[in-house]
Each structure stands twice: as C-alpha cells, then as structure tokens.
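Notes follow once the structure below has been shown.
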Amino acid sequence: MSPRRSSQKSKKITKKTAVQAVAPAIDLQSLKVAIVCDWLTGTGGAERVVLEMHRLFPKAPIYTSQYDKNPQIWYGDTWFQDADVRTTWLQHLPKKLKKFLPVLRARAFRKLDLSAYDLVVVSSSAEAKAVKTGPQTKVIWYCHAPTHYYWSRFDDYMKHPGMGVFNPLAQIGLLLLVGPMRKWDWRIAQKPGYVIANSTHIQTDIKKYYGRDSTVVFPPVDTKRFETFVSQEGETGRERFGFVIAGRQTPYKRVDLAVDACSRLNLPLTVIGNGPEHNNLTAKAGQSIRFLTNVSDAQLAHHFHLAQAFIFPNLDDFGITAVEAQSAGAPVIAYKAGGALDYITPGKTGAFFDEQTVDSLAQALKSFKSSKYDSAAIKQSAEQYSVKNFGTNLQKVIQDYLAS
C-alpha cells in the first residue's frame, strides 16, 4: 500500500484556540519496503545502521553492491544471517576492491529499479542513493557523509589512495574523474525526498556540498556491550590508569598524534588495532607505548574500563568508537571538530584540543585531570546514542516524513 495523509479536519478545542488533529500513525509493516546500502563487507558503523534498519523492517530486502556473508567476520553475532540480501553483479568481483569501484558502483545502482516499493530507506555515503524509484515511492536517505572521495576528503585520497604500487594510476584516475563524478553525485543527492544526517557535522556538510536540509539522527552505539567491567586477576578495584586509542591504523585516523604526544610526555598509551600505518607507528613509539593487534570485543571493553581517557585525534563523521569508550565510563580527549562536537562536553564527558598537532594534543594531555570526571555520568550521557534510541528516533522521523 502507499502511505496517505489523514483527511481528518482540524477541530476547535476552545473558542480561541484551534489545533491540527494528529494524524494516526502509519503501519510501517504494511508498507512494501526496501533497504539499500553501498556494501556489506565489514563490521563498522555503517553496517550497524543497516542492521538496525533491518530490525525495524525485518521483511524488507536489502539491496547492496557486495556482501560478505562469512559469519566469522561478525564476531559471533548473526547480524544479516536472517536477512534477504540482494547483491549487484559487483558481488562477483573481489570485495577488497570495493573502495576502488565508484564508477562501476554508480552504474550498478542506477540500473537498480525499486519503483515497485512504497518506501525505500537508503543508508549511504557513496553511490547507493542513485537507485531508480517511481513517482509514488517515498525515499528517505540516511547520509553518513557526502561522498568522501569527491568532497571533504578528496585531498586525503589524492595523497593516500591506498593502492600500493598502483597509487600513481589511482591518483590520475581520481583527478580525471572527480569533476564529472561530483556533478553526478550532487544530482543524485537531490533525488531522495528526505535526508537524515548522522551528526551535526554531517548536517553542515550536506548543506555545504548538496544544498539540502536534513534532520540529525545519531547512529546506533551498542552501549550495553561496554557498560559492564569484566575484571581479570589482580585488577578488581583497580583505578583507571593510562590512555587508550583504538581503530584502523590509516593516515586519516591520525594515530601518530597520540603515539608522538604520549611518547614525548612518557605517558602510558595502549594502541589497539592494525593497519597500513602499523609499522611506522611501532618504529617511532617510545617505551611508554604498547601495541595490541588482536583484541576481542570483551578485551576492548576491558581496556576502555581501565583507561583514564580515550584519545580521538581524527576528524570523524561521528566516531562510534569514542562513544563506546564513553559507555565504559572513559572520558574522551578529541580533536575539536567533526562528530565529537556532539558528544563531548568539556569537563564532563571529555576534553578538546584545538589543532591536529602533537603540540596541541600534548598540551591537552598535560592539563587533563582524570579525577574530576564522573564515570557514571559519562556512561549515562552515552546512553542517548544507544541502539534503542536510534530505532525509536529513526521510526519517528520516518513516520513524520510519511505523514507530511
């Protein structure tokens, strides 16, 4: 069925005051719904958003360019095992190539006709928003970011294409294609009827690059996974000690700032994760730095519970890992930009440093006093980004859009 506006007329409540009658809630499960996303080949924040969309619309098929259904990558969770995931012809190509296929992905999604659906919910920071829909189809787009390699991070991609010996070819290709692809990306960003941003930072970028207004719905953070401390032998009642940083070690993540600043100040820092920058980081690290490359979910929560603070030195669209650290009661020391502006209140849930430099971060670390932070209050603040709240907020936005 297609959603319809209520035909009920407004009624007077008093002699002087009239209010519009409240339209009855639309039964979302009665709609023919499709979910669309760029790819499902990892376990990051974008995949978590699609998972929660799937839970909201369990019967809706999920259309995507490529899908890795190997359950081993989901850390024991079923995630999309019960979902109807439908891939494009790109599924037959190596999934490691996903970030190098924007033109092919654009073509694949343009050919995807979803005009038979009442509602199409798109979760995308790239080409998935290009799907074909009919005049009666309502399209709502959850935007993780305007396409990075065309807009805000174009310079980063030009410096670090991530293709090893083929970097020069990638740089030439990106330079030649960026002009026409920006025009195409802007054009398809005008198609969805309603746009949701995952942070106020992205809300600003959507307006800047696409000229569109949007509503902020923060992404889902599995706060329950981090709220309980699992002690190990000899650590019961232990006070928080040292700093922690976690994530993929790429140039963009700026893990080097944390390593350099803590090495300079001889502060204990635990670096969790791996990536192309790992060898460079270990080579420059001082004696106060330790690296952990194979950490389970439970161990990650454990390290967040033990740390004085989580260091977040990069400009991120949102930054789910930082909020996960907060849900374990750890304050976050972050670069003052991006998604961190939404969930850091200086002196209560964390602290900022103003410039992406070692000096600026080192100054913030020297002035940081962990004793003034209340871990329970930080945990409570993180709950506003919970999975439950995401589902509630997303459902409300969809209802409001369909009723408008």
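The values are calculated or read from the model by the stated rules, or taken from the named source; none is laboratory data. Here the structure is a predicted model, which means the values were calculated and not measured. Counting neighbours? That spans all protein chains shown, and the Cβs are built from the backbone with ideal geometry, glycine included.
What to note about this one:
- The residues of segment 183-226 that are closer than 17 Å to residue 149 by Cβ and part of a loop (DSSP other than H, G, I, E, B) amount to a single one, 189.
- Search result, residues across segment 366-397 that are aliphatic (A, V, I, L, M), without any contact (Cβ under 8 Å) to a residue 40 or more places away in the chain and more than 21 Å from residue 310 (Cβ to Cβ): none
- Selection status of residue 61, over 21 Å from the mean Cα position of the chain (by Cα) and modelled with pLDDT under 85: no
- Within this structure, residue 194 fails the test of being more than 17 Å from the chain's Cα centre (by Cα), modelled with pLDDT under 95 and buried (at least 19 other Cβ atoms within 10 Å of the Cβ).
- All conditions but one from (1) under 20 Å from residue 396 (Cβ atoms); (2) part of a loop (DSSP other than H, G, I, E, B) apply to residue 54; the one that does not is (2).
- Among the residues of segment 78-92, some residue qualifies, meaning at least one is in a loop (DSSP other than H, G, I, E, B) and within 26 Å of residue 151 (Cβ to Cβ).
Yes/no matrix, rows are residues, columns are (1) at pLDDT below 95; (2) among the small types (Gly, Ala, Ser):
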residue	(1), (2)
332	no, no
335	no, no
339	no, yes
357	no, no
367	no, yes
371	yes, yes
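- Looking across 347, 391, one residue alone is surrounded by fewer than 20 Cβ atoms within 10 Å (Cβ to Cβ) and at positive phi. It is 347.
- Any helices (runs of 4 or more DSSP H) falling wholly within segment 338-404 and containing at least 3 residues that are in contact with a Phe, Trp or Tyr (Cβ under 8 Å, 6 or more places away or on another chain) and over 30 Å from residue 195 (Cα atoms): 358-367
- Taking first residues from segment 342-364 that are in contact (Cβ under 8 Å) with a residue 24 or more places away in the chain and farther than 23 Å from residue 251 by Cβ and partners that are hydrophobic (A, V, I, L, M, F, W, C) and surrounded by fewer than 18 Cβ atoms within 10 Å (Cβ to Cβ), the Cβ contacts under 9 Å between residues at least 6 apart in sequence or on separate chains come to 342/216; 348/377; 349/377.
- Of all residues assigned to segment 88-109, at least one qualifies as being over 25 Å from residue 399 (Cα atoms), without any contact (Cβ under 8 Å) to a residue 24 or more places away in the chain, surrounded by fewer than 20 Cβ atoms within 10 Å (Cβ to Cβ) and charged (D, E, K, R).
- The helices (runs of 4 or more DSSP H) found entirely in segment 235-319 that carry 3 or more residues being closer than 26 Å to residue 156 by Cβ and over 20 Å from the mean Cα position of the chain (by Cα) are 255-265, 278-284.
- Test set (1) modelled with pLDDT of 95 or more; (2) aliphatic (A, V, I, L, M); (3) within 21 Å of the chain's Cα centre (by Cα) - residue 126 fails condition number: (1)
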